[in-house]
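Here is the structure we will look at, set down as structure tokens.
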Amino acid sequence: MIKKSLFGVIPPCFSYDRYGEHSESVTIQTPDSVTLLIDKEHDYPVSKSILKAGDLVIQNEVLKINDNAINYVVTPISGEILEISHYSGFYGREHHAIKIKAIDDGKTDDIFAVCKEKADLENALKYLKGIPGSPDFNVFKDFNINTVVINCADSDMGVFTNQFILNNSANDIKSGIKSLKSISGNKDLRFILAIPDNLMKPSELSDFDEVKVNQKYPSAFPIQICEDLLGINVPAGTTTEEQGVAFFTSETAASIGSAYIKGEIPFEKTITVTKKDGSIVFVKAMMGTPLNAIFNELDITLTDGDRIISGGLMTGNSVYSEFQPVLADTDGLIIQDSADVVIASDTPCINCGDCIRVCPSKIQISMLVRYIEAGEYEDAQDMYDLDSCIECGICSYVCVAKIPLLQFIKLAKHELGLKELEMEETDAE
Ligand code: SF4
Ligand code: SF4
């Protein structure tokens, strides 16, 4: 919800919509085929793949492009590999896409079942990297984490997935917290639940401390929770982990809990789907399911010019194929009718200053974006505070010239990240 001010000088107020405590969801049937993504590693192009079309795989099998590769995906179904191709993700991120045709052979790899006995960092890293929310367990290795926040408030507007999980899977969240403590190896680890201020903490979670997230966007962003509710400053260019605070969503915590209770790797993703008429449906779909299977089930018909957005209203990304698979971070899907689609333009900035007025990080965005457009990423970082941007997307939303400001900012950060990686690799040689 967006409240406009009467006077142009007062920034408009953006607030999260209230979640209506839904308990029903639509389960999408296992599709005929799934597409699984593995992040590409420089050393292992498709040409060096040990997996090939025609190979048979069984449910729960860990698939790697090469035996020595770090990245992997666990297949949710048994079947035959139809194709391994290159997949270009958001901002040019490179993946291998493995398409598997389902064959119901009743076989399953039970390799994770033995991990039920004890959750630890080794088995979490080995099998659970790709579960809903893509948890980064390396934070317990790379940083001195003393606090874990289970974020039950969805960061973006128009997404309610983590609130749905809080209301409907509190027992799994509780088990997930126990497993996370064991994975961290730190018995003094403190857990805090971040809960929207209109929701009650379920009784199953009464043992844990909570902080209440207010409705003002972007108060559910991890950095905002740290600064506003935990009183921990996160300096520009640093992460919450560097300050000792790790974030896991309630869906991730519930998935971890369910994994160790059942001894099974979870593949079911909960998604908030917003239809063209604005109505909301919660969907449970196996990761790898093509989006069109969801649209068919919900009777959503796409016509020329309609837009599919993966994520929320402010920070979501356009999806260009209805065959894109459900991913571990597909929390929201918004289907916009062509009549409602706002097209980004190449109109120059008119210096209205609206973006600067609304920015929670007080960045001079109109100047910053000029440097980014010119490819001067280092200058954007050094002179115009690129690192202070929390990527909330409010600036893009208000820009009268419809400049895709958030996309420019994300691109610049991505390019700078690649440069940094290259330098680290050169130094290591
Ligand atoms: S996306 Fe970044 S620059 Fe834009 S309003 Fe948010 S914090 Fe400011
Ligand atoms: S809102 Fe858009 S047009 Fe206005 S100053 Fe910012 S970038 Fe320029």
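Tabulated data for the structure shown
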quantity: Single match in 269, 275, 201, 212 (criterion: in contact with a Pro (Cβ under 8 Å, 6 or more places away or on another chain), on the phi < 0 side of the Ramachandran plot and open to solvent by 20 Å² or more (accessible area, probe 1.4 Å)); calculated: 212
quantity: Count of residues meeting criterion [within 11 Å of ligand 2 (Cβ to nearest atom), open to solvent by 70 Å² or more (accessible area, probe 1.4 Å) and over 15 Å from residue 407 (Cα atoms)] in the stretch 348-394; calculated: 5
quantity: Single residue of the stretch 90-109 satisfying the filter (more than 23 Å from residue 71 (Cβ to Cβ) and out of contact with any Gly (no Cβ under 7 Å at 6 or more places or on another chain)) that is most open to solvent (accessible area, probe 1.4 Å); calculated: 104
quantity: For residue 403: the one exception among (1) outside any loop (DSSP other than H, G, I, E, B); (2) more than 10 Å from ligand 1 (Cβ to nearest atom); (3) of a type in the set (A, V, I, L, M); calculated: (1)
quantity: Residue in the stretch 417-428 that is surrounded by 14 or more Cβ atoms within 10 Å (Cβ to Cβ) and either within 13 Å of ligand 2 (Cβ to nearest atom) or closer than 30 Å to residue 129 by Cβ (or both) present; calculated: no
quantity: Conditions (1) within 16 Å of ligand 1 (Cβ to nearest atom); (2) of a type outside the set (Lys, Arg); (3) open to solvent by less than 40 Å² (accessible area, probe 1.4 Å); number of the one not met by residue 332; calculated: (1)
quantity: Filter result (in contact (Cβ under 8 Å) with a residue 60 or more places away in the chain and open to solvent by 40 Å² or more (accessible area, probe 1.4 Å)) within the stretch 285-320; calculated: 297, 313
quantity: Unmet criterion (only one of (1) open to solvent by 40 Å² or more (accessible area, probe 1.4 Å); (2) over 16 Å from the mean Cα position of the chain (by Cα); (3) among the hydrophobic types (A, V, I, L, M, F, W, C)) for residue 145; calculated: (1)
quantity: Residues being among the acidic types (Asp, Glu) and either outside the structural domain of residue 151 (by TED's automatic domain parsing) or away from ligand 1 (no atom under 16 Å from the Cβ) (or both) - total across the stretch 202-233; calculated: 4
quantity: Flag for residue 157 being hydrophobic (A, V, I, L, M, F, W, C), in a loop (DSSP other than H, G, I, E, B), open to solvent by 10 Å² or more (accessible area, probe 1.4 Å) and closer than 29 Å to residue 14 by Cβ; calculated: no
quantity: Hits in the stretch 363-381 - residues which are without any contact (Cβ under 8 Å) to a residue 24 or more places away in the chain and within 26 Å of residue 227 (Cα to Cα); calculated: 364, 366
quantity: Pairs with Cβ under 7 Å, 6+ apart, first in the stretch 392-420 and among the charged types (D, E, K, R), second part of a helix (DSSP H, G or I); calculated: 410/91; 413/386; 415/377
quantity: When residues of the stretch 235-245 are limited to those that are open to solvent by 10 Å² or more (accessible area, probe 1.4 Å) and of a type outside the set (S, T, N, Q), the one nearest to residue 196 (Cα to Cα); calculated: 241
quantity: In the stretch 215-234, the residues that are open to solvent by less than 50 Å² (accessible area, probe 1.4 Å) and of a type in the set (Gly, Ala, Ser); calculated: 219, 220
quantity: Odd one out for residue 248, checked against (1) assigned by TED's automatic domain parsing to the domain that holds residue 126; (2) surrounded by fewer than 20 Cβ atoms within 10 Å (Cβ to Cβ); (3) assigned to a strand (DSSP E or B); calculated: (2)
quantity: Hits in the stretch 406-429 (condition: away from ligand 1 (no atom under 16 Å from the Cβ) and either basic (Lys, Arg) or not in a helix (DSSP H, G or I) (or both)); calculated: 419, 429
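The values are calculated or read from the model by the stated rules, or taken from the named source; none is laboratory data. Just so it is clear, the model here is predicted, and its values are computed rather than measured. Ideal geometry is used to build each Cβ from the backbone, glycine not excepted, and the neighbour counts take in all protein chains shown. What goes into the accessible areas is simple: the full protein's heavy atoms, side chains included, and nothing from ligands, DNA or RNA. Shrake-Rupley method; radii C 1.70, N 1.55, O 1.52, S 1.80 Å.
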